[in-house]
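S.K.: One structure, pasted below without further comment.
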Amino acid sequence: MRICTVEDLNAFGIHVDWRRTFITTAVNPFYDSFVRWQFLKLKEMNKIKFGKRYTIFCEKDGQPCMDHDRSSGEGVGPQEYTLIKMAVLEPYPEKLKAYSKNPIFLVAATLRPETMYGQTNCWIHPDMKYIAFETEKEEIFVSTARAARNMGFQGFTKLEGKYTVLVELLGQVSVYIGYYRK
């Protein structure tokens, strides 16, 4: 059985020696079994692991998205942010009182964590919409919806890529924050 891609490429006039192909499917069972054996052997020797790595990710396809896959944004790579958790202290705003059994945090991200030591203030945009959502550790985070979506793909929520909005907040809500809970 020939692959129609090969036929299409030949129709375009490409010059390729198709005698040496490396297809790991039922089309080439001998090479497929060799590659499977090789990976199983390497896994037995603890030389390879399955896991996550930092990459640009396409939510629509559920796949990593490299430069050549994007119509725009070439050269954009993953960027490491540090998450700063600031405990919300009592008295809680009315909308957050229902979740007071869990620790509640205002979260902010920074590219320069060295500037956050000794922080005494957290500025909140008065007209911006924020949400509260529950994390995998059963903490309540208050952030923007976009930040919650991004954290959902980084293991912060119970279901990969999913978060549940517990309550919507407007930045005008006064909140007492501190580094230690009473």
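The values are calculated or read from the model by the stated rules, or taken from the named source; none is laboratory data. None of these values were measured; they are calculated from a predicted model. Here the Cβ is made from the backbone with ideal geometry for all residues, glycine too, and neighbour counts use every protein chain on show. In case anyone asks, the SASA skips ligands and DNA or RNA and just uses the protein heavy atoms, side chains included. Shrake-Rupley method; radii C 1.70, N 1.55, O 1.52, S 1.80 Å.
S.K.: Are there any pairs, at least 6 apart or on different chains, whose C-beta atoms fall under 6 Å, with the first in region 35-52 and within 23 Å of residue 21 (Cβ to Cβ) and the second of a type outside the set (A, V, I, L, M), and if so, which?
M.R.: As it stands, the answer is 35/24, since those pairs meet every condition given.
S.K.: OK, next. May I ask you to say which residue of 16, 6 is free of Cβ contacts under 8 Å to residues at least 60 places away in the same chain, over 25 Å from residue 148 (Cα atoms), open to solvent by less than 80 Å² (accessible area, probe 1.4 Å) and part of a helix (DSSP H, G or I)?
M.R.: Of the residues listed, the single one that is free of Cβ contacts under 8 Å to residues at least 60 places away in the same chain, over 25 Å from residue 148 (Cα atoms), open to solvent by less than 80 Å² (accessible area, probe 1.4 Å) and part of a helix (DSSP H, G or I) is 6.
S.K.: Kindly indicate whether residue 102 is open to solvent by 50 Å² or more (accessible area, probe 1.4 Å), assigned to a loop (DSSP other than H, G, I, E, B) and at pLDDT 85 or above.
M.R.: In short, no.
S.K.: How many residues, within region 53-69, are acidic (Asp, Glu) and touching a residue at least 60 places away in the same chain (Cβ under 8 Å)?
M.R.: Here the count works out to 1.
S.K.: Inside region 48-92, can you point out the residues that are among the β-branched types (Val, Ile, Thr) and either open to solvent by 50 Å² or more (accessible area, probe 1.4 Å) or in a loop (DSSP other than H, G, I, E, B) (or both)?
M.R.: Selection gives 48, 55, 56, 76.
S.K.: Select from region 1-29 the residues that are in contact with a helix residue (DSSP H, G or I) (Cβ under 9 Å, 6 or more places away or on another chain) and of a type outside the set (A, V, I, L, M, F, W, C) and write down the one among them that is modelled with the lowest pLDDT.
M.R.: Step by step, filter region 1-29, then rank; the result is 21.
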